[in-house]
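Engineer: Handing you a structure now.
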Amino acid sequence: MKAENSATDQMAIAVGGPPVPAPPAGSPAAAPGGRVRGTLLATLGVVTFSLTFPSTAWGLEGFGPWSLVGVRSVLAAVIAGAGLLILRVRVPERRHWGGLAVVGAGVVLGFPLLTTLALRTATTAHPAVVVGLLPLTTAACSALRTGARPSRTFWIAACAGAAAVVAFTVQQSGGTLTRADVYLFGALLVCAAGYTEGGRLAGLMPGWQVIAWALVLCLPVTATGAAVALSAEPVRLTAHAVIGLVWVAAVSTFLGLLLWYRGMSLIGIPKASQLQLAQPLLTLVWSVLLLGETLPVAAPVTAAAVLVCIAVTQRARG
């Protein structure tokens, strides 16, 4: 038992220390050091997420959408399961499995599948900006699920950031709603639910265990889906396809969420969610550098507005 706890503690320390709940006033996590560490971890998570769409676009060069989602989830589950076995982590209590199922349905299955389907008919830039609404959606889900009550200033700044993202989206799409947009709005809802539940559970167990158990829980579904999809969709292994698959499996689906949930447990779900306002703009940069896409003229203006909103939400009292 002692060895088990020691190994688990080492993994928790490796990603920023032992797990703590969303910080109440006066708690150690609410101290400047805890806030800085939580903000840094959540920011690193956002950086890894910002590369997800370009990596998915690369993966789609060699895999079909269903194959890519299935294989990435299976590979991530193998990595997560290996970590759980090596560290001999105890199976979560029964009361946590419902929450883990929500995380799995939203983050492991729903969001990757819906965004991958959207990327079949849209450039990387368009989904990236639409998903910029995720911070506001997550904050709203958090308020409904956990009873969090951010200040009025927080909500005004969050809505302003979301409005900037919506304006950018409308300007780029010509005001029409496409099939890709339908997929993306569905992805927003399921991912926000998964983030909220994962952030809550990260206050009860190490963040890496939250995503690890969610991946393992979904493995029967993802393994079956991967097997069926691989038999039906052609596969062409190119350097881009392999690199994209490895990134979305090992980093986007596991390491990034590990950092993200840990950061949320330290600074709270609403404030962590607003850091994601920077994600669409980072993705636009990657789309230019890695995919050769043209950066929209309105991007710098949107970037400035969004960064101001991030600064306000991070200073607002929750």
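The values are calculated or read from the model by the stated rules, or taken from the named source; none is laboratory data. Predicted model only: the values in this text are computed from it and were never measured. All Cβ positions, even for glycine, are placed from backbone atoms using ideal geometry, and neighbour counts span all protein chains on display. Areas reflect the complete protein model, heavy atoms only, side chains present, ligands, DNA and RNA absent. Shrake-Rupley method; radii C 1.70, N 1.55, O 1.52, S 1.80 Å.
Engineer: When the Debye formula is applied to the Cα atoms of the chain, each taken as the same point scatterer, what base-10 log of I(q)/I(0) results at q = 0.08, 0.09 Å⁻¹?
Structural biologist: At q = 0.08, 0.09 Å⁻¹ the computed log10 ratios are -0.33, -0.42.
Engineer: Here's a follow-up. Give, as a single signed number, the net charge of other residues whose beta carbon lies under 11 Å from the beta carbon of Val242, with Lys and Arg counted +1 and Asp and Glu -1.
Structural biologist: Working: positive: Arg236; negative: Glu61.
Once all neighbours under 11 Å are counted, the net charge is 0.
Engineer: So what does the Cα-only Debye profile of segment 42-147 read at q = 0.18 Å⁻¹, as log10 I(q)/I(0), no solvent term?
Structural biologist: Each listed q corresponds, in turn, to -1.11.
Engineer: Take the Cα coordinates of segment 37-87, assign each an equal point scatterer, and use the Debye formula without solvent to give log10 I(q)/I(0) at q = 0.14, 0.19, 0.26, 0.27 Å⁻¹.
Structural biologist: For segment 37-87 at q = 0.14, 0.19, 0.26, 0.27 Å⁻¹, log10 I(q)/I(0) is -0.53, -0.83, -0.95, -0.95.
Engineer: Another one. Out of all Cα-Cα pairs in segment 160-200, roughly what percent, to the nearest whole number, are more than 13 Å apart? Mind dumping the intermediate values first?
Structural biologist: On the way: 526 of 820 pairs.
The share of Cα pairs beyond 13 Å in segment 160-200 comes to 64 percent.
Engineer: Please give the calculated 222 nm ellipticity per residue for the chain, where each DSSP H segment of at least 4 residues contributes -39500 (n - 2.57) and the sum is spread over every residue; nearest 500 deg cm²/dmol? List each step's numbers first, then the result.
Structural biologist: Working: 16 runs with 225 residues, N = 318.
Mean residue ellipticity, 222 nm, calculated: -23000 deg cm²/dmol.
Engineer: A further question on this structure: At a 1.4 Å probe radius, carbon and sulfur cover how many percent of the accessible area of segment 252-293?
Structural biologist: On the way: 750 of 990 Å².
On segment 252-293, the fraction of accessible area on carbon and sulfur atoms equals 76 percent.
Engineer: Could you derive backbone 3J(HN,Hα) for segment 215-232 from the dihedral phi with the Karplus parameters 6.51, -1.76 and 1.60 (θ = phi - 60°), listing whole Hz in sequence and x where the residue is Gly or Pro?
Structural biologist: Ordered by residue, 3J(HN,Hα) equals 5, 5, 4, 8, 4, x, 6, 5, 5, 5, x, 5, 4, 5, 5, 5, 7, 10 Hz.
Engineer: Can you run phi through the Karplus equation (6.51, -1.76, 1.60; θ = phi - 60°) for segment 161-168 and list ³J(HN,Hα) in whole Hz, with x for Gly and Pro?
Structural biologist: My calculation for segment 161-168 gives x, 5, 4, 4, 5, 4, 4, 4 Hz in order.
Engineer: Could you give me D for segment 167-278, from Stokes-Einstein at 10 °C and 1.306 mPa s, where the hydrodynamic radius is the Kirkwood radius over C-alpha pairs? Units µm² s⁻¹, please.
Structural biologist: Rounded to a whole number, D works out at 96 µm²/s.
Engineer: Go from 0 up to the bin containing the longest alpha carbon distance in segment 234-318, width 10 Å each, and give me the % of pairs per bin.
Structural biologist: 15, 33, 33, 16, 3, 0
Engineer: What is the distance, in nm, between label points placed 7 Å from the Cα along the Cα-to-Cβ direction at Val166 and at Glu293?
Structural biologist: The modelled label-to-label distance comes out at 2.2 nm.
Engineer: Let me ask you something else. Whole percent per 5 Å bin, from 0 to the bin with the longest distance: what is P(r) over all C-alpha pairs of segment 96-198?
Structural biologist: 2, 13, 21, 22, 18, 13, 8, 2, 0
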